[in-house]
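The values are calculated or read from the model by the stated rules, or taken from the named source; none is laboratory data. Values in this document were obtained by computation on a predicted structure and should not be read as measured data. Glycine gets a Cβ as well: all are built from the backbone with ideal geometry, and neighbour counts include every protein chain shown.
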Amino acid sequence: MPKRGKRTTRKAAAPKGYARTIELLVENNVSLQKKMVDLTTSIDTMNKKVGRLLHLIEQASEEFTKGGRVEKESKNLSETALVDKLEGLINQNKTIARGLLLLEKYVREKSGRGNEGDKFKPLPEYKF
(Lines give C-alpha, C1' and ligand atoms only; values in the text may rest on other atoms or scores of the structure.)
Protein backbone atom coordinates (compact mmCIF):
# COMPACT_ATOMS: atom_id res chain seq x y z
CA MET A 1 0.00 0.00 0.00
CA PRO A 2 1.19 3.42 -0.77
CA LYS A 3 2.01 5.70 2.03
CA ARG A 4 -0.48 8.27 2.93
CA GLY A 5 1.18 11.42 3.76
CA LYS A 6 1.44 14.64 1.99
CA ARG A 7 -0.68 14.87 -0.97
CA THR A 8 0.87 16.44 -3.97
CA THR A 9 -1.50 18.12 -6.32
CA ARG A 10 -0.53 18.50 -9.83
CA LYS A 11 -1.84 21.35 -11.79
CA ALA A 12 -2.96 20.39 -15.18
CA ALA A 13 -0.49 21.66 -17.71
CA ALA A 14 -1.98 24.48 -19.73
CA PRO A 15 -2.12 23.78 -23.42
CA LYS A 16 0.29 25.69 -25.59
CA GLY A 17 -0.97 29.13 -26.52
CA TYR A 18 -3.52 29.19 -23.70
CA ALA A 19 -1.67 31.92 -21.82
CA ARG A 20 -1.26 33.94 -25.02
CA THR A 21 -4.97 33.57 -25.78
CA ILE A 22 -5.89 34.80 -22.30
CA GLU A 23 -3.50 37.72 -22.68
CA LEU A 24 -5.02 38.67 -26.06
CA LEU A 25 -8.54 38.44 -24.66
CA VAL A 26 -7.61 40.73 -21.78
CA GLU A 27 -5.98 43.23 -24.17
CA ASN A 28 -9.00 43.17 -26.46
CA ASN A 29 -11.35 43.61 -23.52
CA VAL A 30 -9.40 46.63 -22.26
CA SER A 31 -9.28 48.08 -25.78
CA LEU A 32 -13.01 47.54 -26.18
CA GLN A 33 -13.71 49.27 -22.87
CA LYS A 34 -11.60 52.27 -23.94
CA LYS A 35 -13.53 52.52 -27.21
CA MET A 36 -16.83 52.28 -25.35
CA VAL A 37 -15.75 55.15 -23.09
CA ASP A 38 -14.79 57.19 -26.16
CA LEU A 39 -18.10 56.38 -27.82
CA THR A 40 -20.05 57.30 -24.69
CA THR A 41 -18.18 60.61 -24.47
CA SER A 42 -18.84 61.34 -28.15
CA ILE A 43 -22.53 60.54 -27.80
CA ASP A 44 -22.77 62.77 -24.73
CA THR A 45 -21.13 65.64 -26.64
CA MET A 46 -23.44 65.09 -29.59
CA ASN A 47 -26.51 65.08 -27.31
CA LYS A 48 -25.43 68.40 -25.81
CA LYS A 49 -24.95 69.92 -29.27
CA VAL A 50 -28.31 68.63 -30.49
CA GLY A 51 -29.90 70.05 -27.34
CA ARG A 52 -28.37 73.46 -28.04
CA LEU A 53 -29.52 73.26 -31.67
CA LEU A 54 -33.04 72.37 -30.58
CA HIS A 55 -33.02 75.27 -28.12
CA LEU A 56 -31.88 77.62 -30.90
CA ILE A 57 -34.65 76.39 -33.21
CA GLU A 58 -37.22 76.86 -30.45
CA GLN A 59 -36.01 80.41 -29.86
CA ALA A 60 -36.16 81.17 -33.57
CA SER A 61 -39.67 79.77 -33.74
CA GLU A 62 -40.79 81.90 -30.82
CA GLU A 63 -39.23 85.02 -32.33
CA PHE A 64 -40.82 84.27 -35.68
CA THR A 65 -44.29 83.81 -34.20
CA LYS A 66 -43.92 86.86 -31.93
CA GLY A 67 -42.35 89.20 -34.42
CA GLY A 68 -44.49 88.77 -37.49
CA ARG A 69 -43.66 91.51 -39.94
CA VAL A 70 -41.29 94.15 -38.68
CA GLU A 71 -41.06 97.63 -40.12
CA LYS A 72 -38.06 98.28 -42.32
CA GLU A 73 -36.71 100.98 -39.97
CA SER A 74 -36.51 98.60 -37.03
CA LYS A 75 -34.55 95.97 -38.96
CA ASN A 76 -30.84 95.94 -38.45
CA LEU A 77 -28.47 96.80 -41.26
CA SER A 78 -27.66 93.23 -42.27
CA GLU A 79 -31.34 92.35 -42.74
CA THR A 80 -31.87 95.51 -44.79
CA ALA A 81 -28.84 94.72 -46.93
CA LEU A 82 -30.08 91.17 -47.49
CA VAL A 83 -33.54 92.37 -48.50
CA ASP A 84 -32.01 94.92 -50.90
CA LYS A 85 -29.82 92.24 -52.49
CA LEU A 86 -32.79 89.92 -52.92
CA GLU A 87 -34.84 92.69 -54.52
CA GLY A 88 -31.93 93.37 -56.88
CA LEU A 89 -31.79 89.69 -57.84
CA ILE A 90 -35.53 89.66 -58.51
CA ASN A 91 -35.19 92.68 -60.78
CA GLN A 92 -32.26 91.06 -62.60
CA ASN A 93 -34.30 87.90 -63.12
CA LYS A 94 -37.17 89.93 -64.56
CA THR A 95 -34.79 91.68 -66.96
CA ILE A 96 -33.25 88.39 -68.06
CA ALA A 97 -36.72 86.87 -68.59
CA ARG A 98 -37.77 89.81 -70.77
CA GLY A 99 -34.57 89.50 -72.79
CA LEU A 100 -35.13 85.78 -73.31
CA LEU A 101 -38.69 86.40 -74.47
CA LEU A 102 -37.51 89.03 -76.94
CA LEU A 103 -34.76 86.70 -78.16
CA GLU A 104 -37.29 83.88 -78.62
CA LYS A 105 -39.59 86.21 -80.58
CA TYR A 106 -36.67 87.28 -82.80
CA VAL A 107 -35.64 83.67 -83.49
CA ARG A 108 -39.21 82.68 -84.33
CA GLU A 109 -39.56 85.59 -86.74
CA LYS A 110 -36.26 84.80 -88.45
CA SER A 111 -37.07 81.12 -88.79
CA GLY A 112 -40.47 81.89 -90.34
CA ARG A 113 -42.52 80.44 -87.52
CA GLY A 114 -43.68 83.73 -86.09
CA ASN A 115 -47.39 82.82 -86.16
CA GLU A 116 -46.92 79.62 -84.15
CA GLY A 117 -45.92 81.64 -81.14
CA ASP A 118 -49.47 82.95 -80.87
CA LYS A 119 -50.69 79.50 -79.82
CA PHE A 120 -48.79 79.68 -76.54
CA LYS A 121 -50.05 81.70 -73.63
CA PRO A 122 -47.50 83.80 -71.78
CA LEU A 123 -46.62 82.76 -68.26
CA PRO A 124 -48.25 84.78 -65.48
CA GLU A 125 -46.07 87.42 -63.90
CA TYR A 126 -45.29 86.79 -60.26
CA LYS A 127 -45.37 89.62 -57.75
CA PHE A 128 -42.74 89.41 -55.04
Self-check item: Qualifying residues in segment 1-48 (those that are in a loop (DSSP other than H, G, I, E, B) and among the hydrophobic types (A, V, I, L, M, F, W, C)) - the one modelled with the lowest pLDDT
Solution: 1
Quiz item: Scanning for something at pLDDT below 90, assigned to a helix (DSSP H, G or I) and over 30 Å from residue 83 (Cβ atoms), does segment 56-71 turn up at least one residue?
Solution: no
